[in-house]
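Enquirer: If you scroll down you'll find the structure; I have some questions about it.
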Amino acid sequence: MTKVRVRYAPSPTGHLHIGNARTALFNYLYARHMDGDFIIRIEDTDQKRNIEDGEKSQLDNLAWLGVDWDESPEKPGDYGPYRQSERQDIYLPLIEQLLASNRAYKCYCTQEELEEERDAQKARGEIPHYSGKCAHLSVEEQAAKEAQGIVPVVRFRVPKNTEYRFDDLVKDEIVFESDNVGGDFIIQKKDGMPTYNFAVTVDDHMMGITHVLRGDDHIANTPKQMMIYEAFGWPIPKFGHMTLIINADTGKKLSKRDESILQFIEEYRQLGYLPEAMLNFIALLGWSPKGEDEIFSKQEIIDMFESSRLSKSPASFDAKKLEWIGNYYIKQLDIDTLTNMCLPYLQADGRIEKNPSSERLAWVKKLVSLYQPQMSYAAQIVDLTYLFFDEHPILDDTAKEVLAGENVPAVLNAFKAQLEQLEIVDAPTVKKAIKDVQKETGSKGKNLYMPIRIAVSGAMHGPELPDTIELLGREKALAHLNEIL
């Protein structure tokens, strides 16, 4: 059996997007499940759009997610180079071979001519396509064009009336008619660089890629690539096209313009999401494990990952599920690790000094432990703990309604008196003080705890009330109570 070899081939034109991260992850999981190789190849031929740290961002963020690879530009194997910009010596002789065998030809049409042709086709109600105007130029006609200084592109001759079918790993059988691919397509641009469809086909063959797993926006490219494989007599790999990712709230395709969802892995890193949580979440975007569980280690996902369980329906990006998964992983952390993760966010917000004392760090540790059950990512600590640093917040209408209760002033005054008398303000003594208020006022349950919680913290929900008051301290708790009273 041929060893499985799959690849992730990003363009360094931007940072690692959530959709590209899924493509890389599924290729990685498939390779590891099949005891195969996972290769990273950089498609950097679009020099104008490449950004300075695009390649580094891709690799750094994949490594952060827990994805490792067998070959790449920085980890070369036997199939390099691993950047397309360094593979020109491989592409050019193959393009010459297609020209010599008449499977390709030089096209001298100008951009203006092509646009005029497309406009005329649209006016006739036709689907725009290249007409093949230069497909049969004589040697003399070509020489005349070049004498005028016209630099040609090279087009691939698309076979006429030919059916292309393949068994997609995700979508089952897909069939294309060659007459519907838009005419003879360009395989070499005027600057001598190969186009995407030509370069990717050559690279996949030369690198021994056996399976191509990618987004379904590439389906239309597949017949063109199959034509190139056939022109050279190369074996065609197995293709699998993963469904698009949609926003669970809108049902629309995930777009970089959709500001309701963070789009880049780097943004999740900056917020303090755990990489294990992100990997777990992304793995569920279009892949279904057996059973009802949704929390898995990386190794468990590798063991279960089969292409037959890739979804045929769009994958739903559910932000609430991400928070739930993030919360699960945060709750598994030991408190020292989580405190170290949270501290920089509190410092960046000016709430904790740059060089806190050991006593202050112990207080921060208690603060973090108080909110650990609620957190999904480390940066949340700033918004969750506002009451320990800011003035008493503005109450919403529901909280005001609770405080309008008939017995509330008696409860708050009784608790204030208890708090003023306590020698030590810690969770056990506060708990006892609240019990004493219950005996004194006759209030119990929500009528007892809710007014105190709102008066002290400004919110109707939060961590255990005695723990909250212990961390808040007598002075701040009394200041909040007095303000409400």
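The values are calculated or read from the model by the stated rules, or taken from the named source; none is laboratory data. Because the structure is a prediction, the values reported are computed rather than measured. All Cβ positions, even for glycine, are placed from backbone atoms using ideal geometry, and neighbour counts span all protein chains on display. For accessibility, only protein heavy atoms count, side chains too; no ligands or nucleic acids. Shrake-Rupley method; radii C 1.70, N 1.55, O 1.52, S 1.80 Å.
Enquirer: Please determine whether any residue of the stretch 202-217 is assigned to a helix (DSSP H, G or I), of a type in the set (D, E, K, R), open to solvent by 10 Å² or more (accessible area, probe 1.4 Å) and on the phi < 0 side of the Ramachandran plot. Explain how you work it out, then say what you get.
Expert: First pass over the stretch 202-217, keeping only residues assigned to a helix (DSSP H, G or I): 202-206, 216-217.
Keeping just the survivors that are of a type in the set (D, E, K, R) gives 203-204, 216-217.
Then drop every residue that is not open to solvent by 10 Å² or more (accessible area, probe 1.4 Å), which leaves 216-217.
Subsequent filtering for residues that are on the phi < 0 side of the Ramachandran plot retains 216-217.
Yes.
Enquirer: Restricting the search to the stretch 40-89, which residues are in contact with a strand residue (DSSP E or B) (Cβ under 7 Å, 6 or more places away or on another chain), closer than 19 Å to Asn27 by Cα and assigned to a loop (DSSP other than H, G, I, E, B)?
Expert: Arg41, Trp69, Asp70, Pro73, Gly77, Tyr79, Tyr82
Enquirer: Tell me which residues, restricted to the stretch 222-242, are within 24 Å of Arg309 (Cα to Cα) and either buried (at least 19 other Cβ atoms within 10 Å of the Cβ) or touching a strand residue (DSSP E or B) at 6+ places or on another chain (Cβ under 6 Å) (or both).
Expert: Thr222, Pro237, Lys238, Phe239, Gly240, His241, Met242
Enquirer: If you don't mind, another one. Exactly one condition in (1) surrounded by fewer than 16 Cβ atoms within 10 Å (Cβ to Cβ); (2) modelled with pLDDT of 95 or more is not met by Asp179; state its number.
Expert: (2)
Enquirer: In addition: In the stretch 245-265, is there at least one residue being exposed (fewer than 15 other Cβ atoms within 10 Å of the Cβ) and of a type in the set (Val, Ile, Thr)?
Expert: yes
Enquirer: Pull up the stretch 145-176, narrow it to residues that are in contact with a strand residue (DSSP E or B) (Cβ under 7 Å, 6 or more places away or on another chain) and among the acidic types (Asp, Glu), then point me to the one that is surrounded by the fewest Cβ atoms within 10 Å (Cβ to Cβ).
Expert: Only one residue fits best here, namely Glu173.
Enquirer: Moving to a separate point now. Return the residues of the stretch 60-81 that are within 20 Å of His17 (Cα to Cα), of a type outside the set (D, E, K, R) and open to solvent by 50 Å² or more (accessible area, probe 1.4 Å); say none if nothing qualifies.
Expert: Ala63, Trp64, listed by residue number.
Enquirer: Give the stretch 220-239 a look and list any residue that's of a type in the set (Phe, Trp, Tyr) and assigned to a helix (DSSP H, G or I), or say none.
Expert: Across the stretch 220-239, the qualifying residues are Tyr229, Phe232.
Enquirer: Among the residues of the stretch 276-293, which ones are open to solvent by 30 Å² or more (accessible area, probe 1.4 Å) and touching a helix residue (DSSP H, G or I) at 6+ places or on another chain (Cβ under 6 Å)?
Expert: If the condition is that a residue be open to solvent by 30 Å² or more (accessible area, probe 1.4 Å) and touching a helix residue (DSSP H, G or I) at 6+ places or on another chain (Cβ under 6 Å), then Glu276, Ser288 are the ones that fit.
Enquirer: Select from the stretch 93-130 the residues that are loosely packed, with under 14 Cβ neighbours inside 10 Å and closer than 18 Å to Val200 by Cα and list them in ascending order.
Expert: The answer is Pro93, Glu96, Gln97.
Enquirer: For the stretch 319-359, what are the residues that are of a type in the set (Asp, Glu) and either in a helix (DSSP H, G or I) or in contact with a helix residue (DSSP H, G or I) (Cβ under 9 Å, 6 or more places away or on another chain) (or both)?
Expert: Within the stretch 319-359, Glu323, Asp336, Asp349, Glu353, Glu359 qualify.
Enquirer: Within the stretch 219-269, count every residue that is free of Cβ contacts under 8 Å to residues at least 60 places away in the same chain, among the polar types (S, T, N, Q) and touching a helix residue (DSSP H, G or I) at 6+ places or on another chain (Cβ under 7 Å).
Expert: Result for the stretch 219-269: 2.
Enquirer: When you scan the stretch 425-441, do you find a residue that is outside any helix (DSSP H, G or I) and without any contact (Cβ under 8 Å) to a residue 24 or more places away in the chain, even just one?
Expert: Narrowing the stretch 425-441 to residues outside any helix (DSSP H, G or I): 425-426.
Filter once more, so that each one left must be without any contact (Cβ under 8 Å) to a residue 24 or more places away in the chain: none.
Within the stretch 425-441 (the criterion being outside any helix (DSSP H, G or I) and without any contact (Cβ under 8 Å) to a residue 24 or more places away in the chain), the answer is no, since none of the residues qualifies.
Enquirer: Please find, among Ala319, Ala315, Ala277, the residue that is under 26 Å from Cys342 (Cβ atoms) and either at pLDDT below 95 or touching a strand residue (DSSP E or B) at 6+ places or on another chain (Cβ under 7 Å) (or both).
Expert: Result: Ala319 is the single residue among Ala319, Ala315, Ala277 that is under 26 Å from Cys342 (Cβ atoms) and either at pLDDT below 95 or touching a strand residue (DSSP E or B) at 6+ places or on another chain (Cβ under 7 Å) (or both).
Enquirer: Return the residues of the stretch 141-171 that are over 28 Å from Met193 (Cβ atoms), without any contact (Cβ under 8 Å) to a residue 60 or more places away in the chain and not in a loop (DSSP other than H, G, I, E, B); say none if nothing qualifies.
Expert: Matches in the stretch 141-171: Glu163, Arg165.
Enquirer: How many of the residues in the stretch 1-39 are assigned to a loop (DSSP other than H, G, I, E, B), in contact (Cβ under 8 Å) with a residue 24 or more places away in the chain and under 28 Å from Glu300 (Cβ atoms)?
Expert: The total comes to 9.
Enquirer: Identify all residues within the stretch 294-318 that are open to solvent by 50 Å² or more (accessible area, probe 1.4 Å) and assigned to a strand (DSSP E or B); write none if there are none.
Expert: Ser316
Enquirer: Which residues, counting only those in the stretch 408-424, are surrounded by fewer than 17 Cβ atoms within 10 Å (Cβ to Cβ) and in a helix (DSSP H, G or I)? It would help to see each step written out before you state the result.
Expert: First, the residues of the stretch 408-424 that are surrounded by fewer than 17 Cβ atoms within 10 Å (Cβ to Cβ): 409-410, 413, 417, 420-424.
Answer for the stretch 408-424, where residues must be surrounded by fewer than 17 Cβ atoms within 10 Å (Cβ to Cβ) and in a helix (DSSP H, G or I): Pro409, Ala410, Asn413, Ala417, Glu420, Gln421.
Enquirer: Evaluate the stretch 50-59: report whether one residue or more is open to solvent by less than 50 Å² (accessible area, probe 1.4 Å) and more than 29 Å from Asn247 (Cβ to Cβ).
Expert: No, the stretch 50-59 has no match at all.
Enquirer: So, in the stretch 189-201, exactly how many residues are of a type outside the set (Val, Ile, Thr), more than 22 Å from Gly240 (Cβ to Cβ), touching a strand residue (DSSP E or B) at 6+ places or on another chain (Cβ under 6 Å) and open to solvent by less than 30 Å² (accessible area, probe 1.4 Å)?
Expert: Here the count works out to 1.
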